[in-house]
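Following: one structure in C-alpha coordinates, then a few remarks.
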Amino acid sequence: MAIERTLSIIKPDATKRNLTGKIVAKFEEAGLRVVASKRIHLSPAQAGQFYAEHAERPFYGELCAFMASEPVVVQVLEGEGAIAKNREVMGATDPAAAAEGTIRKEFALSKGENSVHGSDSEASAAREIAFFFSGLELVG
Ligand code: IDP
(Lines give C-alpha, C1' and ligand atoms only; values in the text may rest on other atoms or scores of the structure.)
Protein backbone atom coordinates (compact mmCIF):
# COMPACT_ATOMS: atom_id res chain seq x y z
CA MET A 1 0.00 0.00 0.00
CA ALA A 2 1.17 3.53 -0.74
CA ILE A 3 2.45 5.97 1.85
CA GLU A 4 -0.18 8.72 2.10
CA ARG A 5 -0.73 11.93 4.01
CA THR A 6 -4.07 12.98 5.46
CA LEU A 7 -5.40 16.01 7.32
CA SER A 8 -6.64 15.52 10.87
CA ILE A 9 -8.36 18.04 13.12
CA ILE A 10 -8.79 17.55 16.85
CA LYS A 11 -12.05 19.42 17.29
CA PRO A 12 -13.10 21.96 19.96
CA ASP A 13 -14.98 19.47 22.15
CA ALA A 14 -11.75 17.45 22.49
CA THR A 15 -9.22 20.29 22.95
CA LYS A 16 -11.54 21.78 25.59
CA ARG A 17 -11.53 18.50 27.55
CA ASN A 18 -7.70 18.11 27.35
CA LEU A 19 -7.95 15.03 25.12
CA THR A 20 -5.30 16.07 22.57
CA GLY A 21 -2.61 13.74 23.91
CA LYS A 22 -4.91 10.73 24.22
CA ILE A 23 -6.14 11.21 20.65
CA VAL A 24 -2.64 11.64 19.20
CA ALA A 25 -1.60 8.46 21.04
CA LYS A 26 -4.32 6.54 19.17
CA PHE A 27 -2.99 7.78 15.82
CA GLU A 28 0.58 6.87 16.73
CA GLU A 29 -0.43 3.43 18.04
CA ALA A 30 -2.10 2.80 14.66
CA GLY A 31 1.19 3.53 12.87
CA LEU A 32 0.36 7.07 11.77
CA ARG A 33 3.18 9.61 12.13
CA VAL A 34 2.50 13.28 12.92
CA VAL A 35 4.49 15.17 10.27
CA ALA A 36 2.93 18.61 10.94
CA SER A 37 0.96 20.00 13.86
CA LYS A 38 -0.40 23.31 15.09
CA ARG A 39 -3.01 24.66 17.46
CA ILE A 40 -5.18 27.40 15.96
CA HIS A 41 -8.47 29.16 16.67
CA LEU A 42 -10.54 29.28 13.47
CA SER A 43 -12.82 32.21 12.74
CA PRO A 44 -16.40 31.29 11.73
CA ALA A 45 -15.53 32.39 8.16
CA GLN A 46 -12.46 30.13 8.03
CA ALA A 47 -14.49 27.20 9.38
CA GLY A 48 -17.11 27.92 6.71
CA GLN A 49 -14.48 27.93 3.98
CA PHE A 50 -12.99 24.66 5.20
CA TYR A 51 -16.42 22.95 5.27
CA ALA A 52 -17.71 24.64 2.08
CA GLU A 53 -18.74 21.28 0.59
CA HIS A 54 -21.35 20.99 3.38
CA ALA A 55 -22.81 24.48 2.79
CA GLU A 56 -26.20 23.11 1.72
CA ARG A 57 -26.57 20.71 4.63
CA PRO A 58 -28.93 21.65 7.50
CA PHE A 59 -26.20 21.43 10.15
CA TYR A 60 -23.72 23.72 8.33
CA GLY A 61 -24.28 26.80 10.53
CA GLU A 62 -24.06 24.75 13.71
CA LEU A 63 -20.92 22.99 12.43
CA CYS A 64 -19.12 26.26 11.58
CA ALA A 65 -20.04 27.85 14.93
CA PHE A 66 -18.83 24.74 16.77
CA MET A 67 -15.51 24.59 14.88
CA ALA A 68 -14.85 28.26 15.76
CA SER A 69 -15.93 27.92 19.41
CA GLU A 70 -12.56 26.85 20.87
CA PRO A 71 -9.04 26.15 19.54
CA VAL A 72 -8.42 23.11 17.36
CA VAL A 73 -5.26 21.10 16.67
CA VAL A 74 -4.67 20.55 12.96
CA GLN A 75 -2.21 17.84 11.96
CA VAL A 76 -0.89 16.01 8.94
CA LEU A 77 -0.67 12.26 9.54
CA GLU A 78 1.52 10.07 7.34
CA GLY A 79 1.61 6.33 6.88
CA GLU A 80 0.62 3.37 4.72
CA GLY A 81 -2.93 3.92 3.57
CA ALA A 82 -3.13 6.85 5.99
CA ILE A 83 -6.44 8.23 4.67
CA ALA A 84 -8.44 5.05 5.28
CA LYS A 85 -6.47 4.13 8.40
CA ASN A 86 -7.22 7.47 10.01
CA ARG A 87 -10.95 7.10 9.22
CA GLU A 88 -10.84 3.64 10.79
CA VAL A 89 -9.21 4.92 13.99
CA MET A 90 -11.73 7.82 14.11
CA GLY A 91 -14.84 5.63 13.83
CA ALA A 92 -18.28 6.48 12.45
CA THR A 93 -19.52 10.10 12.42
CA ASP A 94 -22.16 9.31 15.06
CA PRO A 95 -20.51 7.95 18.24
CA ALA A 96 -23.57 5.76 18.83
CA ALA A 97 -22.66 3.91 15.63
CA ALA A 98 -18.86 3.94 16.12
CA ALA A 99 -16.96 0.68 16.72
CA GLU A 100 -15.38 -0.15 20.08
CA GLY A 101 -11.88 1.23 20.49
CA THR A 102 -12.34 4.10 18.03
CA ILE A 103 -11.73 7.72 19.00
CA ARG A 104 -15.35 8.72 18.44
CA LYS A 105 -16.69 5.76 20.43
CA GLU A 106 -14.44 6.66 23.33
CA PHE A 107 -14.53 10.46 23.29
CA ALA A 108 -17.22 11.99 21.02
CA LEU A 109 -20.17 13.75 22.67
CA SER A 110 -22.60 13.68 19.74
CA LYS A 111 -22.84 13.42 15.96
CA GLY A 112 -21.81 17.09 15.71
CA GLU A 113 -19.32 17.32 18.58
CA ASN A 114 -17.43 14.23 17.52
CA SER A 115 -13.84 15.06 18.53
CA VAL A 116 -12.01 14.54 15.21
CA HIS A 117 -12.06 15.30 11.50
CA GLY A 118 -10.19 13.25 8.90
CA SER A 119 -9.92 13.68 5.13
CA ASP A 120 -12.19 11.25 3.27
CA SER A 121 -10.31 10.90 -0.06
CA GLU A 122 -6.98 11.65 -1.74
CA ALA A 123 -8.44 14.78 -3.32
CA SER A 124 -9.82 16.02 0.02
CA ALA A 125 -6.52 15.28 1.76
CA ALA A 126 -4.58 17.33 -0.81
CA ARG A 127 -7.00 20.26 -0.55
CA GLU A 128 -7.26 20.17 3.24
CA ILE A 129 -3.49 19.87 3.85
CA ALA A 130 -2.90 22.86 1.55
CA PHE A 131 -5.64 24.79 3.38
CA PHE A 132 -3.68 24.70 6.65
CA PHE A 133 -0.01 24.05 5.86
CA SER A 134 2.74 25.17 3.53
CA GLY A 135 5.14 22.56 2.15
CA LEU A 136 7.87 23.82 4.50
CA GLU A 137 5.75 22.87 7.52
CA LEU A 138 5.52 19.20 6.51
CA VAL A 139 8.45 17.40 8.12
CA GLY A 140 8.46 13.70 7.27
P1 IDP B 1 -17.29 12.80 8.81
O2 IDP B 1 -16.66 13.88 9.67
O3 IDP B 1 -17.44 11.51 9.55
O4 IDP B 1 -16.60 12.64 7.47
P5 IDP B 1 -19.48 14.23 7.45
O6 IDP B 1 -20.78 13.61 7.06
O7 IDP B 1 -18.51 14.62 6.37
O8 IDP B 1 -18.81 13.26 8.53
O9 IDP B 1 -19.85 15.54 8.30
C10 IDP B 1 -18.87 16.48 8.65
C11 IDP B 1 -19.08 16.87 10.09
O12 IDP B 1 -20.33 17.56 10.21
C13 IDP B 1 -19.19 15.72 11.09
O14 IDP B 1 -17.95 15.20 11.52
C15 IDP B 1 -19.94 16.38 12.24
O16 IDP B 1 -19.10 17.19 13.06
C17 IDP B 1 -20.91 17.30 11.48
N18 IDP B 1 -22.22 16.63 11.30
C19 IDP B 1 -22.51 15.63 10.43
N20 IDP B 1 -23.80 15.26 10.54
C21 IDP B 1 -24.34 16.06 11.50
C22 IDP B 1 -25.65 16.17 12.07
O23 IDP B 1 -26.59 15.45 11.70
N24 IDP B 1 -25.81 17.12 13.03
C25 IDP B 1 -24.81 17.95 13.45
N26 IDP B 1 -23.56 17.88 12.93
C27 IDP B 1 -23.33 16.94 11.98
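So here's what we get for this one:
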quantity: Evaluation of ALA25 against (1) in contact (Cβ under 8 Å) with a residue 12 or more places away in the chain; (2) within 30 Å of LEU136 (Cβ to Cβ); (3) more than 11 Å from the ligand (Cβ to nearest atom) (one fails), failing number; calculated: (1)
quantity: Conditions (1) open to solvent by less than 60 Å² (accessible area, probe 1.4 Å); (2) in contact with a strand residue (DSSP E or B) (Cβ under 8 Å, 6 or more places away or on another chain); (3) of a type in the set (Gly, Ala, Ser): number failed by SER37; calculated: (1)
quantity: Residue count for the stretch 113-132, restricted to those that are touching a helix residue (DSSP H, G or I) at 6+ places or on another chain (Cβ under 6 Å) and buried (at least 21 other Cβ atoms within 10 Å of the Cβ); calculated: 6
quantity: Within the stretch 7-22, considering residues that are among the charged types (D, E, K, R) and near the ligand (Cβ under 10 Å from one of its atoms), the one nearest to the chain's Cα centre (by Cα); calculated: LYS11
quantity: Every pair of residues 6+ apart whose Cβ atoms lie under 7 Å, when the first sits in the stretch 87-102 and is acidic (Asp, Glu) while the second is within 10 Å of the ligand (Cβ to nearest atom); calculated: ASP94/LYS111
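The values are calculated or read from the model by the stated rules, or taken from the named source; none is laboratory data. Given the structure is predicted, the values throughout are model-derived calculations rather than measurements. Virtual Cβ from ideal backbone geometry, glycine too; neighbours counted across all protein chains shown. The accessibility values were calculated without ligands, DNA or RNA, using every heavy atom of the protein model including side chains. Shrake-Rupley method; radii C 1.70, N 1.55, O 1.52, S 1.80 Å.
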